[in-house]
Amino acid sequence: MTTRLPAAGPLSFGTATASYQVEGAVAEDGRGRSIWDTFTERPGAIKDASDGAVACDSYHRFDEDADLLAGLGVDWYRFSIAWPRVLPEGRGRVETRGLDYYDRLVDSLLARGVGPSPTLYHWDLPQALEDAGGWLVRDTAEAFADYAMVVHERLGDRVGLWTTLNEPWCAAYLGYAGGVHAPGRREGGDAHRAAHHLNLAHGLAAARLHEANAGDVGIALNLAPIWPERPEAERVADGVDAVRNRVWLGPLVDGAYDEGLLSVAPVLRDPELVRDGDLELVRGSADWMGINYYTPVRPDLPEGLPAGEAHPEAGAYPGVDPVAFVVREPRTDIGWEVEPRGLEELLVETHRRSGLPLIVTENGAAYADEVVDGPDGRTIDDQDRIDYLRGHIDATERARAAGADVRAYFVWTLLDNFEWAEGYTKTFGIVHVDPDDQTRTPKASYAWFADRVR
Ligand code: IFM
């Protein structure tokens with residue numbers, strides 16, 4: 001009996017995490033190095049100079065995490081698999097002790113009535129593959145499909161709801177253009193090569209998983225509603241939309257990169273890069289689509305910038321004219337505008353465009369929590385996070401009422417964890433994790449979410 005995409009009906013609920021953000025144990029049981037192990041060593045890369053070496057220690061505390069999920073009463077736990085735990089060099093030799101860990105985690109969840117929903121790639125590329133060119137080379141996509149099958153062979157008897165990639169926009173453009181995520185490269189327009197290889201990786205893996213009757217295969221995209229701040233910004237907003245949204249939706253839905261995208265990403269016209277059959281392979285390869293939503297994107301023209309000079313925020317949108325991003329109030333602690341209407345619009349529009357069932361695979365908020373140690377123990381009264389979650393779950397329900405086929409909603413995130421370039425300075429969890437000893441304390445939002453789920 002394997003887990004499958006939830007049927008149409010009442011919204012089902014879950015929470016999400018990712019391997020490097022929670023597992024720790026980076027040198028245990030033969031795990032190879034990932035690009036995040038390397039990137040976190042780079043001076044200045046991470047705000048608090050931290051890393052994921054211990055994180056939430058979920059590698060050892062997964063039963064405790066599963067108990068927290070059972071206490072919430074959620075149907076799903078979305079977690080990710082660390083590629084270098086399974087294939088320390090990225091391809092070839094399989095490390096069975098790494099697979100054993102995910103085997104234990106899956107069993108622990110199922111024993112508590114929680115459905116496992118693994119993501120195969122949430123950014124921790126094996127360093128050996130990066131050394132061979134990373135996502136800029138085609139071989140990485142092929143290695144990904146082989147890796148997907150190794151995981152499927154081990155977990156496929158119990159798991160049938162698969163996510164191939166998480167937020168490939170971040171992997172391609174924050175990693176290879178903006179340089180703010182691992183591997184920290186600034187390759188300009190070549191980052192579009194990474195985007196194509198990520199599309200191909202999804203397509204190749206989905207085809208192999210489908211051949212093996214693996215169940216329901218999806219991809220989690222951080223698509224964004226693009227709202228130009230004024231009419232003059234419409235042209236740059238179209239470029240932002242191309243690089244943020246259409247570079248993924250085009251192949252998945254139409255089997256093509258559109259002309260507007262090709263004009264900002266001319267490398268995608270290269271027939272050596274985009275080979276015959278690549279885009280056809282990706283078209284229709286997803287049985288469902290995951291939407292990770294936090295905030296809308298409001299492009300504007302940067303005032304006062306000399307013509308041709310890149311605005312700092314334009315680094316992650318190579319080929320798009322200098323562009324600025326307006327962020328309205330209210331904002332969360334990470335500086336992202338709170339706007340649930342963005343989620344509603346995105347769900348309605350993505351369902352209309354793709355016709356696919358959707359899952360909100362991530363949604364949540366960073367707030368600076370006040371931790372109070374009282375006579376009855378530790379409490380965290382995070383009303384701002386409750387308001388955020390309530391607003392966005394209501395928006396999801398409105399989108400469903402408007403016809404969007406949304407099957408499930410997963411909170412980002414179960415645990416306060418390693419927030420990439422922000423280190424541990426930004427907390428999104430509905431459970432507080434003590435940075436010194438990893439003690440878990442459910443916040444008020446945990447109790448609120450448990451009520452909402454039941
Ligand atoms: O923590 C991340 C997650 O890994 C991917 N989506 C956005 C979250 C908040 O930044």
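Inside the range 248-268, residues that are in contact with a helix residue (DSSP H, G or I) (Cβ under 6 Å, 6 or more places away or on another chain) and farther than 24 Å from ALA220 by Cα make up a count of 1.
Residue pairs whose Cβ atoms lie under 6 Å apart, sitting 6 or more positions apart in sequence or on different chains, and linking a residue in the range 67-92 that is within 14 Å of ASP29 (Cβ to Cβ) to a partner that is among the charged types (D, E, K, R), are ALA82/ASP124; PRO84/ARG31; ARG85/ARG31; PRO88/GLU95. When the range 67-89 is filtered for residues that are surrounded by fewer than 24 Cβ atoms within 10 Å (Cβ to Cβ) and part of a helix (DSSP H, G or I), the ones remaining, listed by number, are ASP67, LEU68, LEU69, ALA70, GLY71.
The numbered conditions (1) outside any helix (DSSP H, G or I); (2) among the polar types (S, T, N, Q); (3) on the phi < 0 side of the Ramachandran plot are all true for ASN213 except (3). Selection of the range 40-59 for residues being assigned to a helix (DSSP H, G or I) and buried (at least 24 other Cβ atoms within 10 Å of the Cβ) yields only SER58. Would it be correct to say that ILE386 is touching a residue at least 40 places away in the same chain (Cβ under 8 Å), within 16 Å of the ligand (Cβ to nearest atom) and not small (Gly, Ala, Ser)? No. Residues that are under 20 Å from GLY92 (Cβ atoms), within 16 Å of the ligand (Cβ to nearest atom) and among the small types (Gly, Ala, Ser) within the range 20-43 comprise just one, SER34.
The single condition among (1) of a type outside the set (Asp, Glu); (2) surrounded by 23 or more Cβ atoms within 10 Å (Cβ to Cβ); (3) outside any helix (DSSP H, G or I) that VAL274 does not meet is (2).
Can you find, within the range 391-422, the residue that is farthest from VAL453 (Cα to Cα) among those that are within 21 Å of the chain's Cα centre (by Cα) and among the charged types (D, E, K, R)? Going through the qualifying residues, I end up with GLU422. Scanning the range 248-305 for residues that are in contact with a strand residue (DSSP E or B) (Cβ under 6 Å, 6 or more places away or on another chain) and hydrophobic (A, V, I, L, M, F, W, C) returns TRP248, ALA286, TRP288, MET289, ILE291, VAL297. Only residues that are touching a Pro at 6+ places or on another chain (Cβ under 9 Å) and within 12 Å of the ligand (Cβ to nearest atom) were counted across the range 399-423, and they come to 1. The combined condition, being part of a helix (DSSP H, G or I), out of contact with any helix residue (DSSP H, G or I) (no Cβ under 6 Å at 6 or more places or on another chain) and without any contact (Cβ under 8 Å) to a residue 40 or more places away in the chain, is not fulfilled by ASP103. Number of residues in the range 407-424 that are within 14 Å of GLY9 (Cα to Cα) and surrounded by 23 or more Cβ atoms within 10 Å (Cβ to Cβ) equals 2.
Only one of the numbered conditions (1) surrounded by 18 or more Cβ atoms within 10 Å (Cβ to Cβ); (2) more than 16 Å from the ligand (Cβ to nearest atom); (3) outside any helix (DSSP H, G or I) is violated by ALA237, and that is (3). Number of residues in the range 257-271 that are assigned to a loop (DSSP other than H, G, I, E, B) and surrounded by fewer than 16 Cβ atoms within 10 Å (Cβ to Cβ): the value is 3.
Scanning the range 147-179 for residues that are away from the ligand (no atom under 16 Å from the Cβ), in a helix (DSSP H, G or I) and among the aromatic types (Phe, Trp, Tyr) turns up TYR147, TYR176. Taking the listed residues THR396, THR427, the one that is buried (at least 22 other Cβ atoms within 10 Å of the Cβ), more than 16 Å from the ligand (Cβ to nearest atom) and not aromatic (Phe, Trp, Tyr) is THR396, with no other qualifying. Residues that are in contact (Cβ under 8 Å) with a residue 40 or more places away in the chain and assigned to a helix (DSSP H, G or I) within the range 413-448 comprise TRP420, ALA421, GLU422, ALA444, SER445, TYR446, TRP448, listed in sequence order. Screening the candidates ALA148, ALA143, ALA182, ALA171 for the property of being among the hydrophobic types (A, V, I, L, M, F, W, C), more than 16 Å from LEU120 (Cα to Cα), modelled with pLDDT of 95 or more and buried (at least 24 other Cβ atoms within 10 Å of the Cβ) yields one hit, ALA182.
The values are calculated or read from the model by the stated rules, or taken from the named source; none is laboratory data. Small disclaimer: the values here were computed from a predicted structure and weren't measured. Neighbour counts are summed over all protein chains in view; Cβ atoms, including those assigned to glycine, are modelled from backbone coordinates with ideal geometry.
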